[in-house]
There are 2 protein chains.
Amino acid sequence: MAKDKKTPRPRAETPKGFRDYFGTEVTERAEMLAKIAAVYHRYGFEALESSAVETVEALGKFLPDVDRPNEGVFAWQEADDDGKGDWLALRYDLTAPLARVYAQHRNDLPTPYRRYAMGPVWRNEKPGPGRFRQFYQCDADTVGTASPAADAEICAMLSDCLEEVGIPRGDYVVRVNNRKVLNGVLEAMGVTDAGQAADVLRTIDKFDKVGEAGVRELLGKGRLDASGAYIDGVGLSAAQAEPVLAFLTSKGADVAATLANLRAAIGGSPIGAEGVDELEQIAALLDAQGYGADRIDVDPSVVRGLGYYTGPVFEAELTFEILDDKGRKRQFGSVSGGGRYDDLVKRFTGQSVPATGVSIGVDRLLAALREKGRIGGAAQGPVVVTVMDRDRMADYMQMVADIRNAGIRAEVYLGNPKNFGNQLKYADRRGSPAAVIEGADEKARGVVQVKDLILGAKIAENATLEEWKERPSQFEVPRGELVAKLREILAGEGQG
Amino acid sequence: MAKDKKTPRPRAETPKGFRDYFGTEVTERAEMLAKIAAVYHRYGFEALESSAVETVEALGKFLPDVDRPNEGVFAWQEADDDGKGDWLALRYDLTAPLARVYAQHRNDLPTPYRRYAMGPVWRNEKPGPGRFRQFYQCDADTVGTASPAADAEICAMLSDCLEEVGIPRGDYVVRVNNRKVLNGVLEAMGVTDAGQAADVLRTIDKFDKVGEAGVRELLGKGRLDASGAYIDGVGLSAAQAEPVLAFLTSKGADVAATLANLRAAIGGSPIGAEGVDELEQIAALLDAQGYGADRIDVDPSVVRGLGYYTGPVFEAELTFEILDDKGRKRQFGSVSGGGRYDDLVKRFTGQSVPATGVSIGVDRLLAALREKGRIGGAAQGPVVVTVMDRDRMADYMQMVADIRNAGIRAEVYLGNPKNFGNQLKYADRRGSPAAVIEGADEKARGVVQVKDLILGAKIAENATLEEWKERPSQFEVPRGELVAKLREILAGEGQG
C-alpha cells in the first residue's frame, strides 16, 4: 500500500503485548529483587541464570504427534545445513529450565540443590489489560530432597522475603495445603476413575469463585451460573461429595483443629494420612522457628495449584484491603505460589527427583508495595546546572563534577541554552530538587544562585503574594559553599 | 530413528551457543552492573528496560527486497488470523531498541534524554570458544544534543565506571578519535568517490592488525599477507595515501601536539576542522574536570568504530599486561567502545536526532576484574547445620534460624542424614566455613560442636601430626554461644 517504491518508515512500536519500563519502574523492581535475592542467599540458595532460549524438546512443548511446538511459546526453527534444525523457544517459566539444568549438570551440583533465579519469561498468549507477553519471575527451589523440612524452609523464606521488601507482619499470610490429602479424600470416597478424579479437581478449582454451595452443586447435578447458563455437574451423590467439601472447609480455630478435621475427612486412606502427617511436620518445624499461624497457616481451602503439584502447596496472600475498579473493598490477594513437584527431572533422566519451590509474582508484589506507599514516591531527579554562557561550558562541567564528587546526583543542561526558561522547564520535567545558575555577574563576584525547586513549587502552590516575597526559594551563595547549600536543600526535602 | 514408538527422552542440553551461569558468575556480574548503574544514575542517566522482543521492521533487519529478516537475528513470524503476522526478533543490541523507544515516546521524554540500559542481547551467529549467542550489554546514551559536552560527559562517566568497579587509575585509558577528522583527511586528499572512501575505511580498520607499513601497502598496490595470499590494494599513489597515514599516526607528546598534527593532516577541509575543534573542546572540557590525558586521551590511532559512527569515537582500553594463550605478554585490550551516531532515530521519524553513547563489554570487564583479583575469590558458602538425629529436625531448623537471624548465611542439611560423612562432604562441596553438630549427648549437655572447616582444611594441608593434635579445628561451645563462635570463625577467615 506504499505510495511510492521507497521503503516506508518503520513503525516505532513495541510488538503487541510487549512494553518498555522507564526509570523507577526499572530501579524499584531491581531493588525489590535484590532484597529478595539477599534473603534467598542467606538461606543458602545459589543464583542460577539459565539461557533465555531453550530447545522446544527440553521445554516439553511439542504438540502431540506434530513436529511443531504449541502456540503458548515463542518458537522458531534453526536453519542448519539442510534448512531443518532444532526448534528453539523462549522460556515460558523458570521451572522447566531448572529441570533441564539439573538433569544436565547434576553431577556437578550439590544434593540437595537449592537455587534461585530471577528474570523475564515469555508467553505467546493473547495480551490483555495488564497482561503482557514478557514479565518477570522470581523463583526459589530445592531439588533432590523429599523432606517436608524443605517445604517448611520454602514457606519460612517466603515469609521473610515479604517482610524484607516491606509487607508488614499481619498484612500477609502464607497458606499451606497438600495434594496428598485431597488424593486421600478421593480414595476415601472411592473415586478411583482418573477421569472422574480430574472432574473433581476441576470443580474444586472453582471453590475460590463459587464457594461451598457452588462446589456442592457442581459436584452433584450441576449449577446455573451467573450468566444464566447451566453448568453440568460431576454427578456425585450428596454423600459422595461430602468428604471433598469437608476437606475444603476443614480449617479450624487452630492448626491442631484443622489437622483433626483433615484426619476425619480422609478416613483410612494411607496417602491421605501421609499428606496430613506432612502438614503436621511442616507446621511443627515452622512453629519451632517462631513462624506462627499468623504468618504461615495450614489452610485446606487453598486450591490453586492442587492440580499441578504432587505434595504440599503454598500460597502467599496479602490480606490488606484495596479498592477494586468499581470502588469496592477487597483483599489484595495472592502474590506468590508454589509447591512440591516430583516428576519434572524424570522426563530427562528417567529417575524421579523430588523438588519443591516457590515463585513470587514480581509485578503483583510491586503493585502491592505501591499500594502500601513503600515505593513509587516521586523519583529524585538530578540537580541541574544551567548554562548561562555557552562559552563557559568548562566551568559548568567542573561545577557539576564537584557536585557529583560529593555524591549528589547532578547534570549540566545539554540542550540549546538560548532560552533560559526552557532550562528551568527541563529541570522541572526531570524532577530536579535544585537548579544552579552562574551568569557572568555571579562568576565575577565568585557566587552562584541556587534555586530550591521543591520549596519553590510548594510556595507557588500555597503561598500568598506576601509570603512569596518573604520566603525566597532562590539563594545566592559563595561558589565554595555550593555543595553545602545543595546538601541543605536535599536534607530539607519532604519537609517544610 | 527411535527404536520404539515411545517419545524418546529429551536431551538435557542448552541450545548450541547458549550457556547457563551459576552462583558467583551471576552475583559478581550483578554486583558489577549495580556499581556501573550507580555511576550512570549519579550522572543523571535514567534506567530503561525495553522489551527483549522487537518487530524486525523496527530493528531494520529485513534483507533487501526480501520479506524475511537477515540471519544475524533470531526471528519468527507471528501467527495472525491469516497465518501471516509481523516478523518478531530478539534484540541484537541495546542501541536499535533505544532508537525505537525514543521515536515512540519522544513527546514524554526530556530533551536531551540520558538513558542507561543493561541486559542480554542475542545474536544468531556461529558460536565459537568464548563466543555465545546470548550475552550482556551495558550501555549509556544521550539522545537529542549535538554538543561535544555530551561526548565529554560520556568519556568522563566511562572513566568513573572503570574505577568504580575496580580498575585502578593508570591501568586503563579512554581514547578519543573523530570520524569527521578522517572525513576531512579524505576531503583533503580529493577522495570524493564513495566507493573509494569505503575502501580506505576498510583498509584503516586493519591498522590495529597490520600497522603503519601494512596500511601503506594496502592503500597502494596491495600486500602479501601472513598466509602468503596477495591482498589487492586500494590503488592510491604514495602521495595520496600520505594524509591518511599522517592522521593515523598523528598522536603527539601531548594533546596540543596531537591536535596540531591533525590540523596539518586535514589541510583546509571544513569538516576536518569541525572534527579537530570537537576533539579540542572535548579535551578542554575534560581537563577542566580533572580528567587528564592519563585517563582520557585524544588518540587518532583508534580506528574501531570509525566506519559506524559519525563524529567522536571512544574506546576504553585496559593497559595492564596479561599472558595470552601462548604464554606471551600482551595488553588486556578493549573493554568498551562508543561514539556519536546521528541517524538512528531518523529511520522512524524522518528527522535527524543527534545521539552519542557508550557500551561496556560486560564479560570482558568481568574477565579483567578476575585478572586483577578483584573478583573470583572462593565464594562464601553457608554454615551447614548437620542432622544427627532425624527426629529432632525442629531443633536443627530452630538453630539455623538463629544463625540466619544473626545475618549469617546458613542452611540445615536436607539430604539423607544417615551417613554423617556425606553431610561433611556436602559442607565441603558447598564451600562452608563451618559445620554445626548437635547429637543427643550434646543436646543433653546444652552444647554444640562447631567444626571450623577453613582452619581444618589449612591444618590438613600444612600441619605435622603434632600440630594437628595441638590445633584442634573442632570446638565445643554452649548452645547459647553458637552464634558468637561462628562470628569468630567467619572473622578469622583468610587469616591464620
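The values are calculated or read from the model by the stated rules, or taken from the named source; none is laboratory data. Everything numeric in this text was worked out from a predicted model, so none of it was measured. Methodologically, a virtual Cβ is constructed for each residue, glycine included, from the backbone with ideal geometry; neighbour enumeration extends over all protein chains shown.
One table, with the values for the structure above:
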| item | result |
| --- | --- |
| Subset of segment A:367-402 that is over 36 Å from the mean Cα position of the chain (by Cα) and under 25 Å from A:ALA457 (Cβ atoms) - its residue that is surrounded by the most Cβ atoms within 10 Å (Cβ to Cβ) | A:VAL385 |
| Filter pass, A:ALA152 being facing chain B (nearest Cβ under 8 Å) and out of contact with any strand residue (DSSP E or B) (no Cβ under 6 Å at 6 or more places or on another chain) | yes |
| Of residues in segment B:394-414 being part of a helix (DSSP H, G or I) and among the charged types (D, E, K, R), the one farthest from the other protein chains (Cβ to nearest Cβ) | B:ASP402 |
| Any pair with Cβ under 7 angstrom, 6 or more apart, that starts in segment B:209-228 at a residue that is under 23 Å from B:GLY333 (Cβ atoms) and ends at one that is in a helix (DSSP H, G or I) and of a type in the set (Phe, Trp, Tyr) | B:VAL215/B:PHE207 |
| Some residue of segment B:179-201 being crowded, with 19+ Cβ neighbours inside 10 Å and either among the aromatic types (Phe, Trp, Tyr) or within 14 Å of chain A (Cβ to nearest Cβ) (or both) | no |
| Counted residues, segment A:145-177 - those being among the hydroxyl-bearing types (Ser, Thr, Tyr) and without any contact (Cβ under 8 Å) to a residue 12 or more places away in the chain | 1 |
| Number of positions in segment B:393-423 that are in contact with a Gly (Cβ under 6 Å, 6 or more places away or on another chain) and at pLDDT below 95 | 0 |
| Residue pairs meeting the criteria (Cβ under 7 Å; at least 6 apart or on separate chains; first facing chain B (nearest Cβ under 7 Å), in segment A:17-31; second in a helix (DSSP H, G or I) and at pLDDT 95 or above) | A:ASP20/B:VAL101 |
| All positions within segment A:304-327 that are over 30 Å from A:VAL353 (Cα atoms) and in contact with a helix residue (DSSP H, G or I) (Cβ under 8 Å, 6 or more places away or on another chain) | A:LEU318, A:PHE320, A:ILE322 |
| The lone exception for B:THR258 - which of (1) assigned by TED's automatic domain parsing to the domain that holds B:CYS161; (2) polar (S, T, N, Q); (3) modelled with pLDDT of 95 or more it fails | (1) |
| Residue satisfying all of: in segment A:41-50; surrounded by fewer than 23 Cβ atoms within 10 Å (Cβ to Cβ) and not in a strand (DSSP E or B); farthest from the chain's Cα centre (by Cα) among these | A:ARG42 |
| Enumeration of residues in segment B:64-76 that are modelled with pLDDT of 90 or more and either surrounded by fewer than 12 Cβ atoms within 10 Å (Cβ to Cβ) or not in a loop (DSSP other than H, G, I, E, B) (or both) | B:ALA75, B:TRP76 |
| Hey, B:MET393 touching a strand residue (DSSP E or B) at 6+ places or on another chain (Cβ under 7 Å) and in the same structural domain as B:SER473 (by TED's automatic domain parsing) or not | no |
| Whichever residue in segment A:118-135 is more than 9 Å from chain B (Cβ to nearest Cβ) and of a type in the set (A, V, I, L, M, F, W, C) and, among such residues, is nearest to B:GLU49 (Cα to Cα) | A:PHE135 |
| Residue in segment B:117-130 that is of a type in the set (Gly, Ala, Ser), under 25 Å from B:ALA355 (Cα atoms), modelled with pLDDT of 95 or more and part of a loop (DSSP other than H, G, I, E, B) present | no |
| Failed item in (1) in a loop (DSSP other than H, G, I, E, B); (2) more than 10 Å from chain B (Cβ to nearest Cβ), with A:LEU158 passing the rest | (1) |
| Segment A:122-146: number of residues that are within 22 Å of A:HIS41 (Cα to Cα) and touching a Pro at 6+ places or on another chain (Cβ under 9 Å) | 7 |
| The listed residue being modelled with pLDDT under 95, out of contact with any Ser or Thr (no Cβ under 9 Å at 6 or more places or on another chain) and of a type outside the set (A, V, I, L, M, F, W, C), out of B:ASP343, B:ASP325 | B:ASP325 |
| Residue among B:PRO112, B:PRO168 that alone is closer than 22 Å to A:ARG404 by Cα and at the interface with chain A (Cβ under 10 Å from one of its Cβ atoms) | B:PRO112 |
| For B:VAL400: the one exception among (1) touching a residue at least 40 places away in the same chain (Cβ under 8 Å); (2) in contact with an Asp or Glu (Cβ under 7 Å, 6 or more places away or on another chain); (3) of a type in the set (A, V, I, L, M) | (1) |
| Strands (runs of 3 or more DSSP E) wholly inside segment A:287-393 containing at least 2 residues that are under 28 Å from A:THR249 (Cα atoms) | A:296-298, A:312-323, A:329-340, A:355-361 |
| Residue, farthest from the chain's Cα centre (by Cα), within segment A:101-136, restricted to residues that are farther than 26 Å from B:LYS425 by Cβ and basic (Lys, Arg) | A:LYS126 |
| Scope segment A:345-365; condition away from chain B (no Cβ under 12 Å) and either among the basic types (Lys, Arg) or more than 18 Å from A:ALA140 (Cα to Cα) (or both); matching residues | A:SER352, A:ARG364 |
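Results for (1) free of Cβ contacts under 8 Å to residues at least 12 places away in the same chain; (2) part of a helix (DSSP H, G or I), shown as yes or no for each residue.
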{"residue": "A:ALA89", "(1), (2)": "no, no"}
{"residue": "A:ALA99", "(1), (2)": "no, yes"}
{"residue": "A:HIS105", "(1), (2)": "yes, yes"}
{"residue": "A:THR111", "(1), (2)": "no, no"}
{"residue": "A:ARG115", "(1), (2)": "no, no"}
